[in-house]
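Accompanying notes for the structure given below.
The values are calculated or read from the model by the stated rules, or taken from the named source; none is laboratory data. Predicted model only: the values in this text are computed from it and were never measured. Don't worry about glycine lacking a Cβ; one is built from the backbone with ideal geometry, like all the others, and counts go over all protein chains shown. Note: areas computed on protein heavy atoms with side chains; ligands, DNA, RNA excluded. Shrake-Rupley method; radii C 1.70, N 1.55, O 1.52, S 1.80 Å.
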Amino acid sequence: MSRRQKEILGLLLIAFSVLSFISLFGHDITESPNGLPENYQANNYLGFFGVWISHYHYMLLGYTSIIFPLMGFYFGYLLFSDKNIKSNIYLIGYVFLIGVFISVFISYLANIFRMDFLNNYFSGFIGFSLFTFLNHFLGFIGSTVLIFICFVLLITFMFKISIYDLFNSI
């Protein structure tokens, strides 16, 4: 891909990410893009486009879907500035994994405190589905242990901490 093509694609990704970010802040949980009449005045800052984008973002990961515009903005910046994408792919992967982990953890908390609105609005489809699978497959205690281990592994990978050295120093 030529430098000019990377700049154009990067600018388009940055623009779409900024618009997605704005639409997420204008999200109204009472608005669904399916079944809105033509003369309906959307409450989102970006109109019907914002309703569509924010609805499907929240449907996927709930409130942690803020990571999608952040990842898109960063990826667009990397393309626009012609920086090496391969050396920065770990950061994008970590941000995505943190978002998925938080979504699953919110669903875990919703299960503990029996708050269905947390599953419906905060954790999204991905978090709810992953936690439901873990909970049915491993049970509550097994899913608690696995979520804790995933948290520890995520932190140790991000900050390059040796688990062996950590336990050896105790």
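What to note about this one:
- Cβ separations smaller than 7 Å between residues 6+ apart or across chains give the following pairs from the stretch 63-90 residues that are within 19 Å of Met1 (Cβ to Cβ) and free of Cβ contacts under 8 Å to residues at least 60 places away in the same chain to residues that are open to solvent by 60 Å² or more (accessible area, probe 1.4 Å) and among the hydrophobic types (A, V, I, L, M, F, W, C): Gly72/Phe16.
- When we screen Ser169, Ser81, Ser162 for residues that are of a type in the set (Gly, Ala, Ser), open to solvent by 70 Å² or more (accessible area, probe 1.4 Å) and more than 14 Å from the chain's Cα centre (by Cα), the only hit is Ser169.
- Residues in the stretch 118-152 that are without any contact (Cβ under 8 Å) to a residue 40 or more places away in the chain and open to solvent by 70 Å² or more (accessible area, probe 1.4 Å): Asn120, Phe128, Leu130, Phe133, His136, Phe137, Leu138, Phe140, Ile141, Val145, Phe148, Ile149.
- Only one of Ile53, Ile22, Ile92 that is under 19 Å from Leu154 (Cα atoms) and of a type in the set (A, V, I, L, M, F, W, C): Ile92
- Those residues of the stretch 102-133 which are over 11 Å from Leu60 (Cα atoms) and touching a helix residue (DSSP H, G or I) at 6+ places or on another chain (Cβ under 6 Å), in sequence order: Ile102, Val104, Ile106, Ser107, Tyr108, Ala110, Leu118, Asn119, Leu130, Phe131
- Checked against the criterion of being farther than 30 Å from Ile147 by Cβ, in contact with a Gly (Cβ under 9 Å, 6 or more places away or on another chain), among the hydrophobic types (A, V, I, L, M, F, W, C) and not in a helix (DSSP H, G or I), the candidates Ala42, Ala15 yield just one match: Ala42.
Rundown of residues vs (1) assigned to a helix (DSSP H, G or I); (2) within 25 Å of Ile141 (Cβ to Cβ), yes/no style:
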| residue | (1), (2) |
| --- | --- |
| Val51 | yes, no |
| Tyr56 | yes, no |
| Phe73 | yes, no |
| Asp82 | no, no |
| Ile106 | yes, yes |
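- Verdict on Gly93 being surrounded by fewer than 14 Cβ atoms within 10 Å (Cβ to Cβ), in a helix (DSSP H, G or I) and on the phi > 0 side of the Ramachandran plot: no
- Contact annotation: residue pairs with Cβ atoms under 6 Å, 6 or more positions apart or on different chains, pairing a residue in the stretch 153-170 that is under 13 Å from Leu97 (Cα atoms) and assigned to a helix (DSSP H, G or I) with a partner that is aromatic (Phe, Trp, Tyr) and open to solvent by less than 70 Å² (accessible area, probe 1.4 Å), are Met158/Tyr94.
- For the stretch 96-117, the candidate set comprises residues that are of a type outside the set (Val, Ile, Thr) and farther than 19 Å from Ile155 by Cβ; within that set, the residue that is surrounded by the most Cβ atoms within 10 Å (Cβ to Cβ) is Ser107.
- Residues of the stretch 8-32 that are surrounded by 15 or more Cβ atoms within 10 Å (Cβ to Cβ) and over 24 Å from Gly99 (Cα atoms): Leu9 alone.
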